[in-house]
Amino acid sequence: FIALISLSFGGAVGLMFLMLGCALPQYNQYWPLFVLFFYILSPIPYCIARRLVDDTDATSNACKELAIFLTTGIVVSAFGLPIVFARAELV
């Protein structure tokens, strides 16, 4: 229960800093808000795989592993997009 509360608190603080970083008048750039797409997309592959796969099988399932791999790729892309923006001098 405490882990869920701390995870939601951390997510709220992260979103607050993302919004503040975009809304400050000295920067006046809203490109970093594209990271929100990754936040929205990240749980989708695992939720789809969880609906398609029966959990009665104790062995590893290829569908769930693919979903975890895609989710990991989306999360890593959320960290990589600001780096690409910084290199392109958009941010």
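The values are calculated or read from the model by the stated rules, or taken from the named source; none is laboratory data. Nothing here was measured: the structure is a model prediction, and the numbers come from that model. Note that we place each Cβ from the backbone using ideal geometry, even for glycine, and neighbour counts take in every protein chain shown. SASA here: full protein model, heavy atoms, side chains in, ligands and nucleic acids out. Shrake-Rupley method; radii C 1.70, N 1.55, O 1.52, S 1.80 Å.
The apolar share of the surface of the chain, taken as the fraction of accessible area on carbon and sulfur atoms (1.4 Å probe, ligands and nucleic acids excluded), comes to 73 percent.
Working from label points 7 Å from Cα in the Cα-to-Cβ sense, the Ala88 to Val75 distance is 2.5 nm. Span-like helix check, the chain: qualifying full DSSP H segments, with Cα axial length of 20 Å or more and mean Kyte-Doolittle of 0.5 or more, are 2-23, 62-87. Over the chain, accessible surface divided per residue gives 80 Å², non-protein components excluded, 1.4 Å probe.
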